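The values are calculated or read from the model by the stated rules, or taken from the named source; none is laboratory data. As the structure is a computational prediction, the values presented were derived from the model and not from experiment. Quick reminder, even Gly has a Cβ in these numbers, built from the backbone with ideal geometry, and neighbours come from all protein chains shown. Remember, those area values only see protein heavy atoms, side chains included, never the ligands or the DNA or RNA. Shrake-Rupley method; radii C 1.70, N 1.55, O 1.52, S 1.80 Å.
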Amino acid sequence: MVNIQFLGAAQTVTGSKYYLENDGLRLLVDCGMFQGLKSLRLQNWLPLPVDVTAIDKVLLTHGHLDHTGYLPRLLQQGFKGKILGTAPTLAIAAIILRDSAKIHEEEADKANKEGYSKHHPALPFYTLEEAENTIHLFQMVEIDHWLQLSEKVQMRFSYNGHILGATYISLKIDGKVYLFSGDIGRPDDLLLEDPEHPQWADYLFLESTYGNKLHPEEDIETLLADLVRKTIRDQGILLIPSFAVERLQLLMLILWRMYKKNRIPNIPIFVDSPMGTDVLELFEQFPEWHKIPIRDLRAMCDHMTLISSYRDTWKTIDDPRPKIVIAGSGMLSGGRILTYLKQKISSDSTRILLVGYQAEGTRGRKLLEGASTIRIFGKDHEVKAKILHLESLSAHADQAELLGWLGDIKNIPETTFLIHGEQEAIEGFKEKIETSLGWRVSVPNLGDTVQLL
């Protein structure tokens, strides 16, 4: 008997956490933070409804915050096991946890000084010290090798595109394969190789972020060139909120190649994401995990201004020239982008280009839905900036690409559990799988437990 409890990313996209018990072995697949809706974010502050001290290992599909950001809270609740992932995944997770802890500490300090928190005092979600203690538990695993976790359980990580180091995880238990898809990347990605396709899954735990959608066919360079021309014409600023991992590097590569082809002029481009800059170094450290030649990687970095200090953030804001600023975070949930928004969102010469998934309840989703005001650091700001959305740069497979990823599975899974998606996306994908593949599909709720044989 295998018991699996859905502790996150069930009928929502963020907070990936799946607890598994079998014959004395206790595992957690991913350990992410909830983002977006306040009702979900509040759950981050609650202890997990399982005996955390008994968890043997955490298995990470990849390093994104919604798959790793709860790890220090796990230690607060007594976890002392190992945290397993590929070398790039652990390196990215270390960067993200340190950066996240620093932001948590800074935001708590700011809230206490300015008095806009309901809590007295406001406390950080976790500290930098707690992040460092978490990183000490990291253990690297090789890709494509079966690793014995117990007498009856084996595990294998397989390449999955999406971001540097990302994998799907196969657990072989008593001869059956329990497959956790993680986040599935896209074919023909500029940065990464195509995801590997699984061959077998008795029980499949499948992401469905874009399960009801097809990414549009967009001429990205033409759209960006037009935005740059208008930004120069209006003597304005093009703000691009970006996830620090994969998306930021992809944007840099596209803009640099456009400049090399004379598709855009030599407009100043500022990259204001210390975490993203750290991840750039990982692209040099792990060249076998991506497709960018190192000389091109260095050339695109030299072409742009990489900002590290907060003082330089303000210098960039005060710079009167038309410019492009790429800054974290991608859903406007924190990070340097909020400083730019606070100063620039009420100007009609500002353009904000959203280039990734915007979870329900985030500032990014609110802007997409036409919000007239947006709250930043406890104050409302009128939205006069032009809001634009570029969906084709998503690092998540769409419905057709997800079905393509399933195409090499030789058996019919006993059950496919749809996870990591909002309700509308999940329901659309469920119907598509049932009608096109004839597979049995289940949609778990947050907190549900299933017993599988």
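Summary of computed values
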read-out	value
Region 360-420: chymotrypsin sites (Phe, Trp or Tyr not before Pro) falling in loop per DSSP and having at most 15 other Cβ within 10 Å	377
Trypsin sites (Lys or Arg not before Pro), loop per DSSP, at most 16 other Cβ atoms within 10 Å - longest free stretch of the chain	153-260
Order by protection proxy (mean Cβ within 10 Å, highest first), peptides 423-429, 10-16, 367-373	10-16, 423-429, 367-373
The chain - Debye-derived log10 I(q)/I(0), Cα point model, q = 0.08, 0.09, 0.10, 0.14 Å⁻¹	-0.45, -0.57, -0.71, -1.40
Compactness of region 286-360, expressed as Rg and Dmax over alpha-carbon positions, Å	15.0, 44
The chain: antiparallel DSSP beta bridges as a percent of all, rounded to 5	45 percent
Inter-label distance for residue 299 and residue 51, nm, one decimal - labels placed 7 Å from Cα along Cα-to-Cβ	5.9 nm
Distance-filtered residues of region 1-27 - backbone nitrogen under 14 Å, label point 7 angstrom along residue 451 Cα→Cβ	1-5, 21-23
Label-point separation, residue 193 to residue 223 (7 Å along Cα→Cβ), nm	2.9 nm
Fraction of accessible area attributable to carbon and sulfur, the chain (%, probe 1.4 Å)	48 percent
The chain - mean residue ellipticity at 222 nm from DSSP helices (-39,500 (n - 2.57) per run, n ≥ 4, rounded to 500)	-9500 deg cm²/dmol
Cross-link reach list, aspartates and glutamates versus residue 38, counting only Cα pairs under 18 Å and skipping chain neighbours closer than eight places	66, 107, 360, 369, 380, 422
Computed lengthening from residue 437 to residue 151, 0.36 nm per intervening residue step minus Cα-Cα distance	99.5 nm
Segment residue 267-residue 349, extension gain: residue separation times 0.36 nm, minus the distance between their alpha carbons	27.9 nm
Area projected by the alpha carbon convex hull of region 226-287, averaged over all directions, nm²	4.6 nm²
For region 69-147, with +1 on Lys and Arg beta carbons and -1 on Asp and Glu, the positive-most of 139, 121, 101 along the dipole	121
Probe 1.4 Å, protein heavy atoms only - accessible area per residue of the chain in square angstrom	41 Å²
Dipole in debye (nearest 20) - the chain, about Cα centre, beta carbon charges: Lys, Arg +1; Asp, Glu -1	1380 debye
Residue 382 paired with residue 315, simple spin-label distance in nm, labels 7 Å along Cα-to-beta-carbon	3.3 nm
Under 11 Å from the residue 230 label point (7 Å along Cα→beta-carbon), backbone N, region 364-388	386-388
